[in-house]
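Worksheet: one structure, shown below.
The values are calculated or read from the model by the stated rules, or taken from the named source; none is laboratory data. These figures come from a predicted structure and were not determined experimentally. Neighbour counts are summed over all protein chains in view; Cβ atoms, including those assigned to glycine, are modelled from backbone coordinates with ideal geometry.
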Amino acid sequence: MISLNVNGKSYRVDVSDDTPLLWVIRDYLKLTGTKFGCGIGECGACTVHIDGKAERSCVISVKQAQGRKITTIEGLPQSHPVKRAWIEEQVVQCGYCSPGIMMQVAALLSESPKPNAEKIINAMDNVICRCGTHVRIKRGIRTAAQIVGKGGKKS
Amino acid sequence: MTTSISRRAFLKGSLGAAGLTIAVSVTPFGSRLLNASGKEEALSGFKPNIWFEIKPDNKVAITVGASEMGQGTHTALAMIIADELEADWKQIKVSHGPAAKEFKNPILDDQLTVGSASVRAFYEPLRKAGAAGRAMLIKAAASTWNVPESECKAEKGTVQHKKSGRSLAYGKLCVAAAKLQVPQDPPLKKESEFRYIGKPMLRLDIPEKVAGAAKFGLDVAIPNMEIAVFSRPPAYGAKPISFDQNAAEGVKGVRKVVPGPQGIAVCAESLQAALKGRDALNVKWDKGTHPQLDNDFIEKSLIGDLEKPGAKVIEKGDPKKALGEARKKIEATYFVPFVAHATMEPMNCTAYVRDGRCDVWVPTQGQLVAQFVASQVSGVPPEKVQIHTTFLGCGLGRRAAPDFVVDAVLVSKEVGKPVKVVWTREEDIKYDAFRAAMSHRIEGGIDDQGRLIGWSHKVVSGSIMKDIAPQAVQGGVDIMSLWGLVDFPNSPDNNRIMYDIPNLYIEFLLSDLPIPVAPWRSVQNGPNAFVIESFVDELAHAAAKDPLEFRLQNLKTNMRASRVLETAAKKAGWGKPLPKGQGRGIAQHSCFGTYVAEVVDLSVNEKDGSVKVNRVVAAVDCGPAVNPNTIKAQIEGAVTIALSTALKEEVKFSNGGVKSANFADYNIIKMSDIPEIEVHIVESKEKMGGIGEPGVPPTAPAVGNAIFNATGARIRRIPFTPERVLAAIKDRRI
């Protein structure tokens, strides 16, 4: 039995220790907003927050995640600047990579609330979006940063 | 009409609540409307492609057959209905309909979401349908109030009688309106009265996608569902020599091993157990049919085939004579490699075969083909096969194929439980049907005025239609492989070479490589436009003309192509000098009824061969714009994925199979390579074209032309990797 803390709730799951956290979140906790893209930590579709940091849940075992504070896209408030900016800028196309990318952006903004263009590119150069929404991801990040700058209030 | 039963059953279910339902039937011969309110019998003989229902709670529920994969079709179709209906946008909801012949797109004659065809096929009919609903609601209100219809006006989900200050919401009127006859030719709005059409509307599916709540195929969960993964052949044509079924079935959580035509499935209670079971299976495969196949073999085969005789596709004028008499004649050989779809959601499907029925939950671009193969594999008649379409984690053409449906139905039938088949990313790339690799040889000639007078072109490629519509491959010619150069006769899509060339010869040879190919965003318009537009640039150079001027001179009869070229050039500052090491290139192409031109500004580092694209300016004429927000997004996305093919993507092969396995060794464009992308929509009253694909073709040639402009090196093969750019620069100096 493994104990997990996800989005402020406690869960106990009966899985082998080496099961990737991603599949526990999706198949056992039924939080399917976190996506499977590659299984090797290359694309970022599975990104969640572990103790506030963006991590690739497909390459972290459930055992490694035990006892730590995990947040998934479902746990990011609807009023979160990133979620608001993603709607405002219409960043999303198919939407499959969006939750993971948004989690990575949320972590970036909590570390660096006003990232410049170079910082944005460096921080987001390890995600893949096949629809090609990159220019809007950049725009979304700038808009989210503005919302953060205004204390979460929309302009 | 077997499938209409399930469609009617579906309608019956959806028509439980009393309300006004308008069904629209669109065929290649015109459209018809029906008041389908609560009376399924009214639908016998009537074949709606789309319908919408206004319910007493004011909600407007729209059901469409087209799949939503991020291209914004559901929103655009809803905008058209809502605008003419004068519906309140907040009350609109769109759902995927079931598989049904009635859902066929009239342009495609199939229920397929391909060919950038959904909005343009349904624009006029849906305007009529919405307007009919509005007329009926007005009539219902006028008779309720006992006032003339002419004094009533529909506005944002209500009918108003200004004189008396009365107003009724559509929800209050829908029951009365449901009893009225549907007008076949209702008055349409003037364009100036549009409330939604032409405005940048927010997509309806984005909020649930941002919340993480949208359901994709991999998110499907059915009670008692099991998970299956497949062990698949490592080389083309490889067969299993041995595998250890007992070892696999001995793994904790594994239920059953199921051998099938596409591989050997391991079905388990969890994905983790299925993957462990697959490892334990330890399949030994033979070497397959082409053990020597690798990238070198492929390139030699396709280029070598250029020496073999092909089939004549077009012969216009006297190309031989024209080329012989040309003031200048040049010849070039081009090559385009295999490219993977690699949609972010790997292929998957969930099926449940039991009690003479079969349910399939699948992110598909082709519901009818999914239904057909599910019926064939399960033995369940098609009318008992229900296709539940989920959101698609990108499609790109890959999801029109039904191979993943075969997997899931086969295993579910065998184990008698709901089964979700998950493809790992490695399988998704290795067992893709790729964008076809091609080789081209062209000769082109110009006269002393710089006019294109002769063009002779030979293409070698695998067949795209061989698996989709084998009867369409005639005399050894696959027109879809030639799209961009040649289109089907009288096709309004204009997937053909746009230049005025009086003497034109096109020849085609089918490659016999065993590698499966399939449509990939814009189909072969992409690779073929790369070749055409690069070669046109070579001709402009030979004519000592500016590339834009040369194109305009040879596109005199094509105003739409000229206009997008001029717009893109103007917005990009064509002709303005650039610093050393930078270059600017232009290209245009038309496909799926839409015209696009793009100008690329880039920098080339001549020391390491790296290319940095700085800016792409696109101009698009797609006829009337329904949702400019989506049009811009689609062109941005198309430019981005096309840049990825221009700079990065090439599938690697070895030992008779695919070597590329995951994103670690299949390069896709990332944030640091993304330029600024500007999209200009040219105002146009022309016939509406598609928007999902036409942004792709001009990008790669515009990049190549810009590299030539920056360095003087012409590269006739994508991707423009640093090694290839460096080699071309070296070559130039010799």
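Quick notes on this one:
- Check on residue B:513, buried (at least 24 other Cβ atoms within 10 Å of the Cβ) and in contact (Cβ under 8 Å) with a residue 12 or more places away in the chain: no
- Criterion (at pLDDT 95 or above, buried (at least 16 other Cβ atoms within 10 Å of the Cβ), touching a helix residue (DSSP H, G or I) at 6+ places or on another chain (Cβ under 8 Å) and farther than 30 Å from residue B:512 by Cα) met by exactly one of B:225, B:201: B:201
- For residue B:726: the one exception among (1) touching a Lys or Arg at 6+ places or on another chain (Cβ under 8 Å); (2) assigned to a helix (DSSP H, G or I): (1)
- Within segment B:219-248, being of a type in the set (A, V, I, L, M, F, W, C), in contact with a Lys or Arg (Cβ under 8 Å, 6 or more places away or on another chain) and either under 15 Å from residue B:427 (Cα atoms) or away from chain A (no Cβ under 14 Å) (or both) holds for B:228, B:229, B:230, B:235, B:238, B:241, B:243, B:248.
Every residue, every condition in (1) of a type outside the set (A, V, I, L, M); (2) more than 27 Å from residue A:38 (Cβ to Cβ); (3) under 22 Å from the mean Cα position of the chain (by Cα), yes or no:
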{"residue": "B:340", "(1), (2), (3)": "no, no, yes"}
{"residue": "B:346", "(1), (2), (3)": "yes, no, yes"}
{"residue": "B:350", "(1), (2), (3)": "yes, no, no"}
{"residue": "B:353", "(1), (2), (3)": "no, yes, no"}
{"residue": "B:357", "(1), (2), (3)": "yes, yes, no"}
{"residue": "B:363", "(1), (2), (3)": "yes, no, yes"}
{"residue": "B:366", "(1), (2), (3)": "yes, no, yes"}
{"residue": "B:369", "(1), (2), (3)": "no, yes, yes"}
{"residue": "B:377", "(1), (2), (3)": "no, yes, no"}
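- Complete set of residues in segment B:236-271 that are aromatic (Phe, Trp, Tyr) and either under 24 Å from residue B:224 (Cβ atoms) or in contact with a Cys (Cβ under 6 Å, 6 or more places away or on another chain) (or both): none
- Check on residue B:108, at pLDDT below 95, surrounded by fewer than 18 Cβ atoms within 10 Å (Cβ to Cβ) and among the aliphatic types (A, V, I, L, M): yes
- Within the option set B:380, B:405, B:353, being in a helix (DSSP H, G or I) and either in the same structural domain as residue B:259 (by TED's automatic domain parsing) or touching a helix residue (DSSP H, G or I) at 6+ places or on another chain (Cβ under 6 Å) (or both) holds for one residue only, B:405.
- Single residue of segment B:418-464 satisfying the filter (part of a loop (DSSP other than H, G, I, E, B) and of a type in the set (Asp, Glu)) that is nearest to residue B:269 (Cα to Cα): B:432
- Matching residues, segment A:61-75, being hydrophobic (A, V, I, L, M, F, W, C) and within 12 Å of another protein chain (Cβ to nearest Cβ): A:62, A:73
- Residue A:57 vs. criteria of a type in the set (S, T, N, Q), under 16 Å from the mean Cα position of the chain (by Cα) and either at pLDDT 95 or above or surrounded by fewer than 23 Cβ atoms within 10 Å (Cβ to Cβ) (or both): yes
- Residue A:71 being surrounded by fewer than 24 Cβ atoms within 10 Å (Cβ to Cβ) and under 20 Å from residue B:210 (Cβ atoms): yes
- Residues that are outside any helix (DSSP H, G or I), more than 8 Å from chain B (Cβ to nearest Cβ) and at negative phi, drawn from segment A:29-60: A:29, A:46, A:47, A:48, A:49, A:50, A:53, A:54, A:55, A:56, A:60
- Screening A:127, A:92, A:135 for residues that are among the aliphatic types (A, V, I, L, M), closer than 25 Å to residue B:646 by Cβ, in a helix (DSSP H, G or I) and within 11 Å of chain B (Cβ to nearest Cβ) leaves exactly one candidate, A:135.
- Flag if residue B:646 is assigned to a helix (DSSP H, G or I), touching a helix residue (DSSP H, G or I) at 6+ places or on another chain (Cβ under 8 Å) and not basic (Lys, Arg): yes
- Matching residues, segment A:107-123, being within 12 Å of chain B (Cβ to nearest Cβ) and polar (S, T, N, Q): A:122
- Within segment A:77-89, tally of residues that are at the interface with chain B (Cβ under 8 Å from one of its Cβ atoms) and not in a helix (DSSP H, G or I): 1
- Boolean, residue B:318 is farther than 29 Å from residue B:268 by Cβ and at pLDDT 95 or above: yes
- Any hit, segment B:378-394, residues being under 20 Å from residue B:645 (Cβ atoms), away from chain A (no Cβ under 14 Å), in contact with a strand residue (DSSP E or B) (Cβ under 7 Å, 6 or more places away or on another chain) and in contact (Cβ under 8 Å) with a residue 60 or more places away in the chain: no
- Residue within segment A:98-110 that is assigned to a loop (DSSP other than H, G, I, E, B) and either within 13 Å of the chain's Cα centre (by Cα) or farther than 28 Å from residue B:342 by Cα (or both) present: no
- Segment B:147-169 residues that are without any contact (Cβ under 8 Å) to a residue 12 or more places away in the chain, paired with ones that are in a helix (DSSP H, G or I) (beta carbon under 7 Å, 6 or more apart): B:148/B:142; B:149/B:138; B:149/B:139; B:149/B:142
- Any hit, segment B:374-390, residues being of a type in the set (A, V, I, L, M, F, W, C), over 22 Å from residue B:228 (Cα atoms) and buried (at least 24 other Cβ atoms within 10 Å of the Cβ): no
- Entry remark, segment B:139-171: residues being assigned to a helix (DSSP H, G or I) and either surrounded by 21 or more Cβ atoms within 10 Å (Cβ to Cβ) or among the polar types (S, T, N, Q) (or both) number 6 in total.
- You will find that of B:393, B:356, B:379, the residue that is small (Gly, Ala, Ser) and closer than 30 Å to residue B:524 by Cα is B:393 and no other.
- Looking only at segment B:666-696, and only at residues there that are among the acidic types (Asp, Glu) and part of a loop (DSSP other than H, G, I, E, B), the one that is nearest to the other protein chains (Cβ to nearest Cβ): B:693
- Residues located in segment B:618-643, provided they are assigned to a strand (DSSP E or B) and within 13 Å of chain A (Cβ to nearest Cβ): B:618
For (1) more than 19 Å from the chain's Cα centre (by Cα); (2) surrounded by fewer than 16 Cβ atoms within 10 Å (Cβ to Cβ); (3) closer than 25 Å to residue B:309 by Cα, each residue gets a yes or a no:
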residue: B:443; (1), (2), (3): yes, no, yes
residue: B:449; (1), (2), (3): yes, yes, no
residue: B:457; (1), (2), (3): yes, no, yes
residue: B:474; (1), (2), (3): yes, yes, yes
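- From the list A:12, A:26, the lone residue that is farther than 17 Å from residue B:216 by Cα, outside any loop (DSSP other than H, G, I, E, B) and either assigned by TED's automatic domain parsing to the domain that holds residue A:130 or at pLDDT 95 or above (or both) is A:12.
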